[in-house]
Amino acid sequence: MLAFLKLGGSLITDKREAETPRLAVIDRLAQEIAAAQQADPALRLVIGHGSGSFGHVYGRKYGTRDGVRDAAGWYGYAATGDAAARLNRLVTAALLRAGIAAWSIQPGAQVRCENGRIVQGPETTVELALARGLTPVVYGDVALDAVRGGVIVSTEEIFDWLADALPPARIVLAGEVDGIFTADPLLDPTAQPIPAITPDTVSAIAAGLGRSHGVDVTGGMYAKVMQSLAMVQRHPALQIVVCSGLKAGHVQAALTGAPVGTRIDAQATSRAVSV
């Protein structure tokens with residue numbers, strides 16, 4: 001089985017403090033991923049991660065997501081890519097220490113965009129890596145754009161592109177909180193977990209989907225949910241799981257199909273939520 005796993009930037013870094021990795025969390029997650037692969041030798045993984053307090057800080061300062069137009073902007077583009085790569089080295093090193101054959105693939109070297117949308121991706125390299133028993137590791141990065149000069153591409157956007165060429169059975173999005181809630185659970189103690197979201201039920205909870213905490217130049221939780229819904233509509237067999245990576249064992253459980261967090265799929269049988 002092929003699965004994609006994203007380790008959110010807010011999970012593996014403190015997004016409120018520039019370039020502050022959560023090293024103990026990264027190491028534990030690497031161990032959980034290794035345990036999942038050991039439990040199911042047929043599990044093939046593409047791992048991605050956000051830039052958190054590394055790339056997002058520079059991206060916001062220089063407005064890289066909106067395009068690059070002058071020398072200062074190109075400096076910011078380069079600084080954003082460098083920061084994202086520094087975090088990637090920490091994540092890849094932890095995976096290697098856990099015994100995973102993790103191989104970092106720099107998205108910016110292969111991804112090309114047109115007006116903010118990916119038009120060329122790393123699918124050939126990812127496919128070849130998987131065929132050789134490697135675990136490809138991608139991440140949110142800068143990319144050249146035919147219209148805007150340069151932009152930032154998120155891990156979800158890279159996964160979205162890869163899913164068309166290499167359809168996964170499951171995508172796990174691991175963040176700080178255990179799934180999607182009726183409101184921001186870090187701010188509203190009355191927020192309730194939502195076990196499942198489908199295209200038919202999302203309108204009932206859309207108003208409660210706030211932006212991510214800290215700096216996030218790629219749109220926050222609302223954008224991630226809507227992007228996930230678009231993916232399951234294109235790939236009806238796909239299941240996307242949003243769960244907490246701060247709760248020990250939840251990422252391992254999600255990779256093996258155990259019920260954790262919030263499930264996003266195309267099935268009309270999921271329960272709607274009243275808010």
Those residues of the range 79-108 which are under 15 Å from the mean Cα position of the chain (by Cα) and either of a type in the set (Phe, Trp, Tyr) or closer than 9 Å to Gly55 by Cβ (or both) amount to Ala84, Leu87
How many of the residues in the range 87-108 are touching a strand residue (DSSP E or B) at 6+ places or on another chain (Cβ under 9 Å) and either assigned to a helix (DSSP H, G or I) or among the aromatic types (Phe, Trp, Tyr) (or both)?
13
When residues of the range 129-148 are filtered for being assigned to a loop (DSSP other than H, G, I, E, B) and touching a Ser or Thr at 6+ places or on another chain (Cβ under 8 Å), how many remain?
1
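Ile118 - would you say it is touching a strand residue (DSSP E or B) at 6+ places or on another chain (Cβ under 7 Å) and surrounded by 24 or more Cβ atoms within 10 Å (Cβ to Cβ)? Before you say what the answer is, go through the steps one by one.
On the way: touching a strand residue (DSSP E or B) at 6+ places or on another chain (Cβ under 7 Å): yes; surrounded by 24 or more Cβ atoms within 10 Å (Cβ to Cβ): no.
Considered against the rule, which asks whether it is touching a strand residue (DSSP E or B) at 6+ places or on another chain (Cβ under 7 Å) and surrounded by 24 or more Cβ atoms within 10 Å (Cβ to Cβ), Ile118 comes out as no.
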Which of the residues that make up the range 245-264 are out of contact with any helix residue (DSSP H, G or I) (no Cβ under 6 Å at 6 or more places or on another chain) and either part of a loop (DSSP other than H, G, I, E, B) or acidic (Asp, Glu) (or both)?
Leu246, Lys247, Ala248, Gly249, Gly257, Ala258, Pro259, Gly261
Per-region count, the range 37-64, residues in a helix (DSSP H, G or I), touching a strand residue (DSSP E or B) at 6+ places or on another chain (Cβ under 9 Å) and surrounded by fewer than 22 Cβ atoms within 10 Å (Cβ to Cβ)
1
With the checklist (1) under 24 Å from Arg22 (Cα atoms); (2) touching a helix residue (DSSP H, G or I) at 6+ places or on another chain (Cβ under 9 Å) in hand, flag the one item Leu166 doesn't pass.
(1)
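So for the range 193-203 (the condition being more than 29 Å from Ile100 (Cα to Cα), in contact with a Lys or Arg (Cβ under 6 Å, 6 or more places away or on another chain) and modelled with pLDDT of 85 or more), does at least one residue qualify?
Within the range 193-203, the first condition is being more than 29 Å from Ile100 (Cα to Cα), and the residues that meet it are 193-203.
Filter once more, keeping what is in contact with a Lys or Arg (Cβ under 6 Å, 6 or more places away or on another chain): 196.
Checking the rest, the ones that are also modelled with pLDDT of 85 or more come to 196.
Yes - at least one qualifying residue is present in the range 193-203.
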For a quick check of your reading of the model, give me the residue pairs whose first member lies in the range 216-241 and is closer than 27 Å to Lys15 by Cβ, whose second is of a type in the set (S, T, N, Q) and at pLDDT 85 or above, with beta-carbon atoms closer than 6 Å and at least 6 apart or on different chains.
Thr218/Ser154; Ile240/Ser228
In the range 149-189, anything part of a loop (DSSP other than H, G, I, E, B), at pLDDT 85 or above and of a type in the set (S, T, N, Q) is listed as Ser154
If I filter the range 183-204 for residues that are buried (at least 18 other Cβ atoms within 10 Å of the Cβ), in contact with a Gly (Cβ under 8 Å, 6 or more places away or on another chain) and among the hydroxyl-bearing types (Ser, Thr, Tyr), do I get at least one hit?
no
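The values are calculated or read from the model by the stated rules, or taken from the named source; none is laboratory data. Not measured: the values here are computed from a predicted model. Positions of Cβ are backbone-derived with ideal geometry, glycine not excepted, and every protein chain shown enters the neighbour counts.
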